[in-house]
Each structure stands twice: as structure tokens, then as C-alpha cells.
Ligand SMILES: C[S@@+](CC[C@H](N)C(=O)[O-])C[C@H]1O[C@@H](n2cnc3c(N)ncnc32)[C@H](O)[C@@H]1O
């Protein structure tokens, strides 16, 4: 059975943070890169747009004691429920484009692995340009046009056909008035095969919600064949950090 993107995240919410529970080093590494690239200051008002469970907002808070609540925005109430309701976070159940066109001014905006869900990217980015203070920074983190994940071939092919290219986002940002820089951040992943296969079985990437149960089982069978003699999977997880400064 295939699910819409909304249904996909509503169903995933209870497992999402568990997928990364044994990956604290990875989360710490990426969070450091986020804080550096955003040049986060104690007084900044930060928006985590498409924050999901707020896993990165929570990690940011452990590294920097921001004076203002982090504004965590996501249309999935079930994902957002995993962000603590306390003085550190303000949760907003909302679509990104809607949020971007409502009043409000912010210093920094983080979009991590969410931009591929937005159809009208120009509308979103124009709205965000207007929401940022002068000198404000938008950081868009996305995966590159090709990935080395140990997935089945059909998943990798579909990925390549649907993933937005960061160069198109750069052009869009420049057209709107942002000054852009692109950095690549690599992390060497070593994960037990069983754990990774289980994540795939649970459709940990929204990409996998494009495959029905039978297609996914066939894909897992292909992966079992490809990796039959290994117990751990090793690959490079590369992230594109697109910095857009106002
Ligand atoms: C892959 S998750 C990333 C979550 C989080 N940023 C992270 O890195 O862990 C993508 C998130 O984008 C959200 N999303 C999907 N469509 C969206 C939209 N139109 N506006 C804002 N967020 C959206 C989903 O609900 C989901 O929580």
C-alpha cells in the first residue's frame, strides 16, 4: 500500500527518533555544522521549518543556549508532538509556504531535508526572504543529485529522477536577492545491516513510500543478495549545505 507524504510522516512519527537513537555522534556532527553555517548567536530567533520531530532543534539546544524559543514548524502534528512543549520550543502545525507568507521576522531559518516536499519553491523562498531580518541567513540542507546509500536499484533511480538539484535552488535564491554559498558535508556511515534493512522495511525515507509492499519486499530481497556476505554497511552520507544570506 502506498501513502501520501502527509500520511507517511504521520505514520513514521513514533519511530523517527528511534531510527537515529544510536547515532548520537552523527547528529552531533551535523548539528555542529548547522550551528557554524548559520553562525548562530545566543540572541538569534531561529525557525526550524519542516522540523519533523524537532530532532535537530533539540540537538541545537544542547549545544547552544539560545535566549529565544526555537520556532518549530511542521504540517504533521504527530511528528511535532515529539518536540517538548516547554520554554525552549514554540511548535507550529503549518505548511511551510503558509508560514512564510504570514507576518513575523527571524534571524535564521533552517530547512533540513524538507525542500523536496515543496512544489512552488519560488513562492516559499520569496516569502522567507521577506521574513528574514537584514543579514539574516537561510540554511537549506538537502541530499545531492545522486546518493551512495545501499538501497535497491529502483529506489536509487527514482531518487535521482525526483530529487531537486541544488544548483536550481541556488539560481532561484540568487534571483530572489539572496547571496549564496554551497558547502558539501560528508559523514562516513557504518551501520549494522540488520538495522539498516529494518529502517528500509519501515520506509525511513519518504522516497520508499513510493513503493508498495510487494515492490519494497522485492527491493529488500535484492539488497539481501547484494550484501549477503557483510554484517555492516559502510557508505558516505553527503549533505549539500546551501547558505542563502539576505
Ligand atoms: C525528512 S523529514 C525531515 C525532518 C527534520 N527536518 C529532520 O531533518 O529530521 C521531512 C519533514 O518535512 C515535513 N513536510 C512535508 N511537507 C511539508 C510542507 N509543505 N511544509 C513544511 N514541512 C513539510 C514533513 O512533515 C517531515 O516532518
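The values are calculated or read from the model by the stated rules, or taken from the named source; none is laboratory data. For clarity, every value in this text was computed on a predicted model and none was experimentally measured. FYI the Cβ positions are ideal-geometry reconstructions off the backbone, even for glycines, and counts take in every protein chain you see.
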TODO: Select from segment 75-90 the residues that are within 15 Å of the ligand (Cβ to nearest atom) and part of a loop (DSSP other than H, G, I, E, B) and list them in ascending order.
DONE: 75, 76, 81, 82, 83
TODO: Sort out which residues of segment 24-40 are assigned to a loop (DSSP other than H, G, I, E, B) and crowded, with 18+ Cβ neighbours inside 10 Å, and write them in order of number.
DONE: 40
Task: Residue under evaluation residue 166, criteria (1) within 30 Å of residue 109 (Cα to Cα); (2) without any contact (Cβ under 8 Å) to a residue 24 or more places away in the chain, criterion not met - done: (2)
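Conditions tested, residue by residue: (1) touching a strand residue (DSSP E or B) at 6+ places or on another chain (Cβ under 8 Å); (2) farther than 30 Å from residue 133 by Cα.
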{"position": "192", "(1), (2)": "yes, yes"}
{"position": "196", "(1), (2)": "yes, yes"}
{"position": "212", "(1), (2)": "no, yes"}
{"position": "218", "(1), (2)": "no, yes"}
{"position": "240", "(1), (2)": "yes, no"}
Open item on the list: Looking only at residues that are within 13 Å of the ligand (Cβ to nearest atom) and more than 13 Å from the chain's Cα centre (by Cα) in segment 22-32, which one is modelled with the highest pLDDT?
Closed with: 26
- [ ] Output yes when any residue across segment 145-154 is under 11 Å from residue 47 (Cβ atoms) and away from the ligand (no atom under 16 Å from the Cβ), and no when none is.
- [x] no
TODO: Scan segment 54-69 residue by residue and report those that are assigned to a loop (DSSP other than H, G, I, E, B) and more than 17 Å from residue 92 (Cβ to Cβ).
DONE: 64, 65, 67
Open item on the list: Which numbered condition in (1) within 14 Å of the ligand (Cβ to nearest atom); (2) surrounded by fewer than 21 Cβ atoms within 10 Å (Cβ to Cβ); (3) not in a helix (DSSP H, G or I) is the only one that residue 43 fails?
Closed with: (1)
Open item on the list: Tell me the residue from 72, 51 that is closer than 23 Å to residue 242 by Cβ, part of a loop (DSSP other than H, G, I, E, B) and within 16 Å of the chain's Cα centre (by Cα), please.
Closed with: 51
- [ ] Check whether at least one residue in segment 103-111 is more than 15 Å from residue 51 (Cβ to Cβ) and within 12 Å of the ligand (Cβ to nearest atom), and report yes or no.
- [x] no
Task: From 16, 9, residue being on the phi < 0 side of the Ramachandran plot, crowded, with 16+ Cβ neighbours inside 10 Å and in contact with a strand residue (DSSP E or B) (Cβ under 9 Å, 6 or more places away or on another chain) - done: 9
